[in-house]
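See below for the structure under consideration.
The values are calculated or read from the model by the stated rules, or taken from the named source; none is laboratory data. This is a predicted model, so every value here is computed, not measured. Cβ atoms come from the backbone with ideal geometry, glycine included; neighbour counts cover every protein chain shown.
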Amino acid sequence: MPSYNPPLRDMQFVMHEVLNVSDALKQIPRHADTDADTINAVLEEGGKFAAEVLFPLNISGDQEGCTLNPQTREVTTPKGFKEAYAQYIEGGWAALSCDPEFGGQGLPFVLNQCFYEMLNSANQAWTMYPGLSHGAYECLQAHGTDEQKKQLLPKLVSGEWLGTMCLTEPHCGTDLGLLRTKAEPQADGTYKINGTKIFISSGDNDFTDNIIHLVLARLPDAPKGSKGISLFAVSKYKLKADGSLGEHNGIYCGGLEHKMGIHGNATCQMILDNAMGTLVGQPHKGLQAMFVMMNAARLGVGNQSLGLTEVAYQNALAYAKDRLQMRSLSGTKAKDKEADPIIVHPDVRKMLLTAKAYAEGGRALACYCALLLDQHLYHPDEKVRQDSDELLALLTPIIKAFLTDNGFQATVMCQQVFGGHGYIKEWGMEQFVRDARINMIYEGTNTVQSLDLLGRKVLGNNGATLKKFGKIVGALIEEEGVNEKMSEFISPLAVLAEQMTKFTMEIGFKGMQNPDEVGAAAVDYLRVAGHLVFGYFFARMASVALKKIAAGDTDPFYQAKLQTARFYFAKLFPETATLMRTARAGSKSLMDTHLALA
Ligand SMILES: Cc1cc2nc3c(=O)[nH]c(=O)nc-3n(C[C@H](O)[C@H](O)[C@H](O)COP(=O)(O)OP(=O)(O)OC[C@H]3O[C@@H](n4cnc5c(N)ncnc54)[C@H](O)[C@@H]3O)c2cc1C
């Protein structure tokens, strides 16, 4: 059976020692009182909930899955899921980072980020129910009418109701411009919606009395393509004037998907049969409104893989210390035993350290982005809000794709550490791999994320935001470039930072002549950008660790951090050279292949 210990020490290191979150929050009036003690206390309690309530339901939820009653069309979640949700609500966790105006606790996102990492480690399938609901809350808060906010937000904030995201249809996932669900205006100002949505996470469930579905559909006069999509709030039960629940609305689950992983989450086909909905935002501008939820979900999906990477690492590390096989190449290490523990073997260490480095780099990046979100939303200075928004937009596809690609690699490596036992269900490792796989696919596939990064976020504004991030990296290089002890981290980072400008310009130039060049380079480009970001955070973390050691701190945590940073720069970061080479190899070897792909 696997186990899970919330990585509180590393979270506190990132928050308090690397990012100095409390200082940053002091600049934001509504978060000025969120000090380190508050953060630590909340994380400790949140970690207990994750480890003690959710984690024990992870394997049983996977084995049991969800069931649909075809008569009532109601979905039942695995045993214990509903009760765990009741405890979650009781503890006030749903409201943690929501606006006090709607009953939230008003704590910063950066705190929610770490809390959700732990929930994802403990049980990704369960965490998707409240996770998506939080995205629906954000979307309605940004684009809902006053009436929608008044009726829906307090229920979503308290967790009394859940929210979903209904975009995908059988014939369209990536290209939402093709969607066919129709919305007809009614005399009373509402809309009658008809269509079929597929793959809707948490589409129906027994957690709550009601569900608010955010549905993309077309109005009768809608222009073709993505410019003709509107967004609607569709309540599972019609709402009476006083806000109480009326009759069942024309929306129900027509079937559950049988899938590779996240069995505890209900992936539903949703039928809209004359469902009554209300418009969210402007007509035909639904995709823009939905982007609030999609961006939240993209950060959330990166966080899912971060959680899985951490829990897989913890279990592989424990196993590698315990499992005895063969002797160390450099001579017996455990003389009192029949063989050495497998952790002595260099490649086992490489697999463990890869997972550890991906978890720690991912955690630093994810917390940094959550802080950007706090600044973007509530910082009093307009320029800080604007800069934070731009940086977050640049880093969102990196969080989504880099963390989920890394997460899949890491869970596979941790499974590999178990040898044949990793393939057997009992150890729980194969579930981490199966659960991690979806994160590369949904919320826009990782290919789509790479096109978003290179096409829109980098080339789309002539590299202006990338330069902004480059300046942040440059400041660290300048500050630490004179420090000899930092040169093993700063030198490779400085080289990549310089190469990145030329590399980007080259692809941009080739792309102007042939757009397929951008498509051919984008996935490699995103990984290079991901390493630039991770390199920056590992250098920052190494700098903090070196300073602590120089000041006489003997906590082995700091030496461990330095060793992980050294491993990262020696064994993972150099992948960028190959990636730049394959990106530069261009599109010809892909596109001039009509016979190879005949
Ligand atoms: C378990 C699960 C849960 C999900 N949850 C939800 C949910 O809650 N709500 C929701 O609305 N949807 C949900 N989805 C749908 C998910 O977001 C889509 O499956 C995903 O966006 C991909 O769409 P698709 O499956 O139609 O693949 P397609 O769009 O058909 O893509 C097929 C392949 O073509 C590639 N491709 C497509 N266009 C391009 C391009 N321009 N350039 C390069 N490559 C391209 C893709 O990267 C992919 O590899 C879920 C899916 C699953 C499996």
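Just checking, which of ASP405, ASP374 is touching a residue at least 12 places away in the same chain (Cβ under 8 Å) and in contact with a Pro (Cβ under 6 Å, 6 or more places away or on another chain)?
Criteria check complete, one pass: ASP374.
Of the numbered conditions (1) among the hydroxyl-bearing types (Ser, Thr, Tyr); (2) in a loop (DSSP other than H, G, I, E, B); (3) free of Cβ contacts under 8 Å to residues at least 40 places away in the same chain, THR174 satisfies every one except a single condition; which is it?
Unmet for THR174, out of (1) among the hydroxyl-bearing types (Ser, Thr, Tyr); (2) in a loop (DSSP other than H, G, I, E, B); (3) free of Cβ contacts under 8 Å to residues at least 40 places away in the same chain: (3).
So, of the residues in region 209-224 that are of a type outside the set (Val, Ile, Thr) and within 15 Å of the ligand (Cβ to nearest atom), which turns out to be nearest to TRP161 (Cα to Cα)?
Taking the candidates together, the pick is HIS213.
Please find, within region 129-152, the residue that is farthest from the ligand (Cβ to nearest atom) out of those that are touching a helix residue (DSSP H, G or I) at 6+ places or on another chain (Cβ under 8 Å), farther than 24 Å from ASN303 by Cα and in a helix (DSSP H, G or I).
LYS149
Out of region 301-341, which residues are within 30 Å of LEU365 (Cβ to Cβ) and β-branched (Val, Ile, Thr)?
Filtering region 301-341 down to residues within 30 Å of LEU365 (Cβ to Cβ) leaves 301-321.
Hits for region 301-341 are VAL301, THR309, VAL311.
Take HIS171 and tell me if it is within 12 Å of the ligand (Cβ to nearest atom) and either surrounded by fewer than 17 Cβ atoms within 10 Å (Cβ to Cβ) or among the aliphatic types (A, V, I, L, M) (or both).
It is true that HIS171 is within 12 Å of the ligand (Cβ to nearest atom) and either surrounded by fewer than 17 Cβ atoms within 10 Å (Cβ to Cβ) or among the aliphatic types (A, V, I, L, M) (or both).
Could you check region 20-54 and list, in sequence order, the residues that are more than 26 Å from TRP126 (Cβ to Cβ) and hydrophobic (A, V, I, L, M, F, W, C)?
Matches in region 20-54: VAL21, ALA24, LEU25, ILE28, ALA32, ALA36.
Scan region 70-78 and tell me whether some residue there is within 23 Å of the chain's Cα centre (by Cα), surrounded by 13 or more Cβ atoms within 10 Å (Cβ to Cβ) and not in a loop (DSSP other than H, G, I, E, B).
no
Is there any pair linking a residue in region 180-198 that is closer than 25 Å to TYR442 by Cβ to one that is within 12 Å of the ligand (Cβ to nearest atom) and assigned to a loop (DSSP other than H, G, I, E, B), with Cβ under 6 Å and at least six apart or on different chains, and which?
Sorted first by the residue in region 180-198, then by its partner, the pairs are GLY195/THR181; ILE198/THR168; ILE198/PRO170.
Considering only residues of region 25-50 that are crowded, with 18+ Cβ neighbours inside 10 Å and of a type in the set (Gly, Ala, Ser), which is nearest to GLY361 (Cα to Cα)? Talk me through it step by step, then tell me what you get.
Start the filter on region 25-50 by keeping residues that are crowded, with 18+ Cβ neighbours inside 10 Å, which leaves 25, 28, 31, 34, 39, 42-43, 46-47, 49-50.
Pick out the ones that are also of a type in the set (Gly, Ala, Ser) and you get 46-47, 50.
On the way: GLY46: 22, GLY47: 20, ALA50: 22 Å.
That would be GLY47.
Quick one: is LYS227 away from the ligand (no atom under 16 Å from the Cβ) and either in contact with a strand residue (DSSP E or B) (Cβ under 8 Å, 6 or more places away or on another chain) or in a helix (DSSP H, G or I) (or both)?
Here the answer is yes, as LYS227 does meet what is asked.
Conditions (1) within 10 Å of the ligand (Cβ to nearest atom); (2) more than 20 Å from ALA520 (Cα to Cα); (3) not in a loop (DSSP other than H, G, I, E, B), marked per residue:
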{"residue": "ALA401", "(1), (2), (3)": "no, no, yes"}
{"residue": "MET413", "(1), (2), (3)": "no, yes, yes"}
{"residue": "ARG434", "(1), (2), (3)": "no, yes, yes"}
{"residue": "SER450", "(1), (2), (3)": "yes, no, yes"}
{"residue": "GLY460", "(1), (2), (3)": "no, no, yes"}
{"residue": "THR465", "(1), (2), (3)": "no, yes, yes"}
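Among the residues of region 108-119, is there at least one that is within 16 Å of the ligand (Cβ to nearest atom), buried (at least 19 other Cβ atoms within 10 Å of the Cβ) and either on the phi > 0 side of the Ramachandran plot or part of a helix (DSSP H, G or I) (or both)? Please lay out each step first, then the result.
The initial filter retains those residues of region 108-119 that are within 16 Å of the ligand (Cβ to nearest atom), namely none.
No - not one qualifying residue is present in region 108-119.
State which residue pairs qualify: first residue under 16 Å from ASN20 (Cα atoms) and among the basic types (Lys, Arg) and inside region 528-556, second residue at pLDDT 95 or above and buried (at least 16 other Cβ atoms within 10 Å of the Cβ) in any location, beta carbons under 6 Å apart, and separation of 6 or more residues or different chains.
That search, which allows pairs on different chains as well, returns ARG540/VAL18; LYS548/TYR558.
Among the numbered criteria (1) part of a helix (DSSP H, G or I); (2) within 16 Å of the ligand (Cβ to nearest atom), which one does VAL384 miss?
(2)
Quick check: anything in region 439-447 at pLDDT 95 or above, at negative phi, away from the ligand (no atom under 16 Å from the Cβ) and over 13 Å from the mean Cα position of the chain (by Cα)?
Looking for residues that are at pLDDT 95 or above, at negative phi, away from the ligand (no atom under 16 Å from the Cβ) and over 13 Å from the mean Cα position of the chain (by Cα), one finds none in region 439-447, hence no.
Among the residues of region 424-431, is any surrounded by fewer than 21 Cβ atoms within 10 Å (Cβ to Cβ), modelled with pLDDT of 95 or more, more than 16 Å from the ligand (Cβ to nearest atom) and not in a helix (DSSP H, G or I)?
There is at least one residue in region 424-431 that is surrounded by fewer than 21 Cβ atoms within 10 Å (Cβ to Cβ), modelled with pLDDT of 95 or more, more than 16 Å from the ligand (Cβ to nearest atom) and not in a helix (DSSP H, G or I).
Assigned to a helix (DSSP H, G or I) and buried (at least 24 other Cβ atoms within 10 Å of the Cβ): does that describe PHE509?
Details: assigned to a helix (DSSP H, G or I): yes; buried (at least 24 other Cβ atoms within 10 Å of the Cβ): no.
For PHE509, the condition - assigned to a helix (DSSP H, G or I) and buried (at least 24 other Cβ atoms within 10 Å of the Cβ) - is not met.
Which ones in region 261-295 are under 30 Å from ALA364 (Cβ atoms) and surrounded by fewer than 23 Cβ atoms within 10 Å (Cβ to Cβ)?
Within region 261-295, GLY261, PHE291, VAL292, MET294, ASN295 meet the criteria.
Restricted to region 125-157, and to residues that are out of contact with any Phe, Trp or Tyr (no Cβ under 9 Å at 6 or more places or on another chain) and of a type in the set (S, T, N, Q), which residue is farthest from GLU90 (Cα to Cα)?
Residue satisfying both the conditions and the ranking: THR145.
Looking at MET276, is it touching a Ser or Thr at 6+ places or on another chain (Cβ under 6 Å) and in a strand (DSSP E or B)?
Against the criterion (touching a Ser or Thr at 6+ places or on another chain (Cβ under 6 Å) and in a strand (DSSP E or B)), MET276 qualifies.
Determine which single condition SER202 fails, assuming it passes every other condition in (1) buried (at least 21 other Cβ atoms within 10 Å of the Cβ); (2) out of contact with any helix residue (DSSP H, G or I) (no Cβ under 8 Å at 6 or more places or on another chain); (3) hydroxyl-bearing (Ser, Thr, Tyr).
Condition (2) is where SER202 drops out.
Can you report the number of residues in region 251-281 which are away from the ligand (no atom under 13 Å from the Cβ) and either without any contact (Cβ under 8 Å) to a residue 12 or more places away in the chain or among the hydroxyl-bearing types (Ser, Thr, Tyr) (or both)?
Summing the residues that are away from the ligand (no atom under 13 Å from the Cβ) and either without any contact (Cβ under 8 Å) to a residue 12 or more places away in the chain or among the hydroxyl-bearing types (Ser, Thr, Tyr) (or both) in region 251-281 gives 2.
Could you grab me the full set of residues in region 547-598 that are aliphatic (A, V, I, L, M), over 24 Å from ILE490 (Cβ atoms) and loosely packed, with under 15 Cβ neighbours inside 10 Å?
Correct list: ALA585, LEU590, MET591, LEU595, ALA596, LEU597, ALA598.
Being part of a loop (DSSP other than H, G, I, E, B), among the charged types (D, E, K, R), more than 13 Å from the ligand (Cβ to nearest atom) and touching a strand residue (DSSP E or B) at 6+ places or on another chain (Cβ under 9 Å) narrows it down to one of ASP206, ASP242, so name that one.
After applying the criteria, what remains is ASP206.
Kindly evaluate LYS155 against the criterion of being of a type in the set (D, E, K, R) and in a helix (DSSP H, G or I).
Answer is yes for this residue.
Looking only at residues in region 186-203 that are in a loop (DSSP other than H, G, I, E, B) and within 12 Å of the ligand (Cβ to nearest atom), which one is nearest to ASN249 (Cα to Cα)?
Per the criteria, the residue is GLY203.
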